[in-house]
Each structure stands twice: as structure tokens, then as C-alpha cells.
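Q: My structure is below; once you've seen it, I'll send some questions.
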């Protein structure tokens, strides 16, 4: 597998799509930093800004992985590995490790400008140990997402279809996490409103039960668990500054990684290739 | 005889379609094995199975004596190279970078030999030109060069001359001959371009509907290809009753030409034709072509 890993890493180093994603991640982050530098100086939210950049990187990571793995199928070069006797498990793991490293670099490129911007801030807004732990959670979540994208990339052989599916999957997972978070954050009671004679909404001063509030019970437990397990849910929780169960998040990511990789390897080992 | 590849009752099904239906064949060491069959006969499927791209539904093959079901089959694959359908090359890399990449995949200790390999396939001066800007013939030759990385002694080429111009066909043919004769590489070529194959092959395997219908050496094939006399007459309608009366086997080509099989007496034929008021213009000895042999073997149009 070392040979394959060496070959894949070299190909990634020479891949235009990889460098385009790295540069875009960096550029988006610079833009983000320029917008937020005034805030950083006053609002002490540097760490939060750094964590926020991760969502931008996820789409780029999805595109990079789909293009990188898709090239091997589109140009049939995956055959060159099999024909000379590389086993399929090694091919899968080599691809996974390569794209995970690539995803880390893309993510890092998105963090550098934010960290640089932090030097202009009055305060980091978070204890260094806490920030380091949250970054660790994000790295784990990013690698878990890379495992999911690798699963898609190795099983969907059409490059363009895989790219589209990966991007849609990123948005669906992010949107799903956002919806769940919003549901879980709903208050049990809300202010009652009425429309006055001028057609303006005014508070009645009474509290009414919130219809979208998820009561404690199985449904709330499931939504909480899904949001904790989903890497996008973890990232979003850190970005909003309200992480739940953060100590377990790296373990959840490891679980996502293990399940998606196991499924990917098992299916890929029996997959007929053209 | 020593065989590099043997298959035993190999089966591969896609849904309800039997792509390979109990294929048994033997590829002798040192041969250029022409794997002949029409489109959809199962040629590419066999190559995919041998290359490990797909798995047999039933049956097995042995490569260098290693069974396809053994754990060591991947070790045996290290001694082979293949170009399946289209050349497997990175289009945004140069020829040299493509070979370097394959060297890394194989785990070659150095890049020694890449220059010689490019010279061997006739791509020594492509410099920084990327493979996407290569002609089809150049890509095909680069694909073969990639397959040759690691010094294989068995090469599988699936339709290597499809889509090539005449010059490209000659280049690929000469390359295959060179590899076989100078480097003693056993080559299995699948093709339905029989005329071209007949210039290369030392052995043939004829496949139809997923089964091998005949396996034969080029030498024996030549003996089996029936010789015939191609006659040109004023009217083949008058010729036919004469040949029927003489009990000769024949095939009418058109209004003026016919092939007559078996030994014939020109004198007797001339006399008989004179009574039938049919003029004989010429008689030429004619070999049955590989194409005709193949059509006879697989049943011609009735098999479509």
C-alpha cells in the first residue's frame, strides 16, 4: 500500500483541481477575514471565525475528492493499479488516506488567513486548550466527511455524477444539521402576538406553546444523537458556539469513518469495473 | 506445451446475459494469441476477468499456474500488462510523467528504463506535450508503454488498433511483433479486424457467444483454410448446373465469378462449359481467407 500511497500523493501534488481548491479555500478565508477583522478587534470572536471557515472548505473538499477519485475512473487509470496486482483494499485505503490528507490541507489553507487575522484581534475569545480541542474535533469531522466522500467517489464511477452527488450530499448534510439545530433550539413557549387595528403585530404579553418545539423524549433524543454524530452537525455546533457532547464528537467521527470505510471497502472489493 | 493463461469453463453473467458461457482456452508461452470474435462475443469480458477488474460467476482461470481463486493470483498479475479497450493514461500528464506514475504504483526503485521504454514505443521526443494533445495512435502506444512498465512477460491488448489510421496500425503491429520477437513477450490480442490479426498471430482462439469454438495454431489454420479455384465465366447461371453435374462444391460470388472447392480438372471443366455455352475467362488459385474461415466456424449471418 505504501507504493500506492506514494503514487497517489504524487498525483495529488501535481493535480490542478487540488491546488485550485486549496487556493479557493485560502481566498475565501482571506475574504472572510477582511470582512471580520474589525469585529475581531472588538468582538473577541477570533476562534469562532476560524471555526466558521470549515463549512466553506467542506464544499471544496467534496469537489476535490470527487474530481481526484473520478479521474482514476474517467481515464481508466484505476485499471493500471489492478492489472499489476494491487489489491482492492489497498487501493481503497490509499485513496482514502490521500484525499483525507488533501482535505486537511484544503481545510488548513482556509484557517491560515483567519489565524493570521487573529493577531490583529484584542483577544482570542477562547482558551487556547479549548480552541485546540475544538480544532481537533473539526479535523476528525473533516476526515469523517472525507471517508463519506471517498465512499461516494469509489462507488459512483461517473466523475460528473459523483461530483454533483458529493456537492448535493454536503449541502443536504449541512442543511439537515442546521434544521435539526434550529428545531432543538426552539423554546417550549413563545410570545403570543395579535394584529392591532393598524395591521401591526403586537405582543399580547401571554406565552403560548411553540408548535415546532420538540418535547423531551425519543424524537428529541434521536435528533440530538443525529446532530452529534453527523460531522456537519458537529461542525455547525462548534461554529454556533453551542457544542453538545463535544467530548464524544471525535468518537462519533471515528464511527462515521469506520462505517463508511467498511461499507466502501466491502462493496468496492466485489464491484465489477470496466 | 507451456501455457501462460488457461481458462476452465469460465462463466460471467450480467443479469440474464451470459457474456462468457463456459470458456475454455489456453494461451501458449511465447505466442501471439489472436482472440477472434464479433462484437459482444465475450473477448473484453475475458480480459477484464484476467486483469482482476471483474470476477467470474463460475469456473476459473490460471495465470502462470496460479488459480484465479488463490490468494497469490495478484502476485501472478505483477508479471503481466494490459491495455483494455482504451489506453489507461492520465491525460493531463506528459508521456514521461505517466510512466513515472506507473513506476511508483509498481514500486520500481528508480525511473531507469523510462527513456528506453519511450523509444521502444516510438514516443522519445514528446517532451512536455501532455497526453491529451496526443493523437489516438500515440495514446495507444503510450498505453502499451504503461502496460510494459515493470517488464511484464505477458501482454493483453484489447482491440489495440481500433480507430487508428493506417500509419498507426502499422506502428502498433510492428511494436507488437518487436515485443514478441525481441523481448519474448507473450501477447494476447483481441480483435475483430481479422486481416490485421492474420499478419501477427501465431495462435488463434475463435470465440462466439461466450464460448471458444476453435483454438488452432496459425500453421494448422493455414492448412485448414481450404484452397479453391476462383473462376471467371461469362455467366455463373450456366456454370452452376455444370458444377452440380460434376459433383463439385462451389460458391457463386456474383454473375461472373465463382469459387470451386476441391481438385478440378481444367480440361474437363472447359469442355463441359463449352457444351453449356458458357465462356471461361480465367482460373486463379485462391485461399480461403481467415474471415471466411471464421464465418464458416461461427455460422455467418444466421448467428447475428
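Taken together, the values in this text are just the output of simple stated rules run on the coordinates, not laboratory data. On a predicted model such as this, the values are computed, not experimentally measured, just so you know. Cβ coordinates were reconstructed from backbone atoms using ideal geometry, including for glycine residues, and neighbour counts include every protein chain displayed.
Q: Need the C-alpha centroid separation for segment B:189-218 versus segment A:132-188, integer Å.
A: 51
Q: Right, next: Test of understanding: in a Gaussian network model of chain A with alpha carbons linked when under 10 Å, which of A:15, A:260, A:55 would top the mean-square fluctuation ranking?
A: Judging by the Gaussian network model, the answer is A:15.
Q: Now for a different question. Just A:57, A:29, A:242 to compare: in a GNM of chain A, with alpha carbon springs under 10 Å, which one fluctuates most?
A: In this elastic network of chain A, the residue with the biggest mean-square fluctuation among A:57, A:29, A:242 is A:242.
Q: How compact is segment A:205-274 by the rule of thumb for globular proteins, expressed as Cα Rg over 2.2 N^0.38 Å?
A: 1.64
Q: May I pose another question? Which angle from 0 to 90°, rounded to the nearest 10, does the C-alpha axis of helix A:159-185 make with the longest principal axis of chain A?
A: Once rounded, one gets 30 degrees.
Q: Using only the Cα atoms of the protein assembly as shown, what do you get for the radius of gyration and for Dmax, in Å?
A: Answer for the protein assembly as shown, Rg first and Dmax second: 34.2, 125 Å.
Q: Alpha carbon centre of segment B:219-235 versus segment A:54-75: separation in Å?
A: Distance between centres, Cα-based: 61 Å.
Q: Also, I was wondering about something else. Distance between the C-alpha centers of segment A:231-271 and segment B:69-92? Whole Å please.
A: 34
Q: Please rank B:55, A:26, A:96, B:61, fewest neighbouring Cβ atoms within 10 Å first, as an exposure proxy. Write out the running numbers ahead of the final one.
A: Numbers: B:55 13, A:26 18, A:96 26, B:61 23.
Arranged by neighbour count, lowest to highest, B:55, A:26, A:96, B:61 become B:55, A:26, B:61, A:96.
Q: May I pose another question? Using a Förster radius of 22 Å, what is the FRET efficiency between residue A:127 and residue A:30 based on their Cβ-Cβ separation? Nearest 0.05, please. Let's see the in-between values first.
A: Working: r = 26 Å, r/R0 = 1.19.
Approximately 0.25, to the nearest 0.05.
Q: Please state the relative contact order of segment B:171-304 as a whole percent: Cα pairs under 8 Å, 6+ residues apart?
A: Rounded, it is 25 percent for segment B:171-304.
Q: What residue among A:233, A:241, A:85 shows peak mean-square fluctuation when chain A is described by a Gaussian network model with Cα springs under 10 Å?
A: Per the Cα network of chain A with a 10 Å cutoff, A:85 tops the list.
Q: Between residue B:296 and residue B:248, what is the FRET efficiency for a Förster distance of 25 Å, r being their Cβ-Cβ separation, to the nearest 0.05?
A: 0.90
Q: Still on this structure, please answer the following. Treating the angle as unsigned and between 0 and 90°, give the value, to the nearest 10°, between the Cα long axis of helix B:95-106 and the longest Cα principal axis of chain B.
A: Compared with the principal axis, the helix lies near 70 degrees.
Q: On to the next question. In nm, give the distance between the simple-model label positions of residue A:104 and residue B:70, each being 7 Å from the Cα along the Cα-to-Cβ direction.
A: Reported label-point gap for residue A:104 and residue B:70 is 4.0 nm.
Q: Can you put B:274, B:11 in order of Cβ neighbours within 10 angstrom, beginning with the fewest?
A: B:274, B:11
Q: Here is a further query. According to a simple spin-label model (label point 7 Å from Cα along Cα-to-Cβ), what is the distance in nm between residue A:219 and residue B:277?
A: My value for the distance between the label points is 10.2 nm.
Q: Tilt of helix A:218-229 relative to the longest C-alpha principal axis of chain A, in degrees (0 to 90, nearest 10)?
A: Roughly 50 degrees, rounded to the nearest 10.
Q: How large is the helix-only mean residue ellipticity at 222 nm for chain B, computed as the sum of -39500 (n - 2.57) over DSSP H runs with n ≥ 4, divided by its residue count, in deg cm²/dmol to the nearest 500?
A: Details: 11 runs with 104 residues, N = 304.
Taken over chain B, the calculation gives -10000 deg cm²/dmol.
Q: Please work out the FRET efficiency for the pair residue B:57 and residue B:115, using the Cβ-Cβ distance as r and a Förster radius of 45 Å; give the result to the nearest 0.05.
A: FRET efficiency, residue B:57 to residue B:115: 0.55.
Q: Here is a further query. Taking neighbour Cβ counts within 10 Å as the exposure measure, how do B:108, A:249 sort from fewest upward?
A: On the way: B:108 18, A:249 27.
In order of increasing Cβ crowding within 10 Å: B:108, A:249.
Q: Starting from the Kirkwood radius over alpha-carbon pairs of chain A, derive D by Stokes-Einstein at 4 °C in a medium of 1.567 mPa s and give it in µm² s⁻¹.
A: On the way: Rh = 20.5 Å.
The Stokes-Einstein estimate is 63 µm²/s.
Q: Using the Cα gyration tensor of segment B:126-275, with a ≥ b ≥ c the square roots of its eigenvalues, what is the shape: rounded (a/c below 1.5), prolate (a/b larger than b/c) or oblate (neither)?
A: It comes out prolate by the Cα gyration axes.
Q: Ok, one more. What is segment B:3-222's relative contact order, in percent, from Cα pairs under 8 angstrom and six or more apart in sequence?
A: Result for segment B:3-222 is 31 percent.
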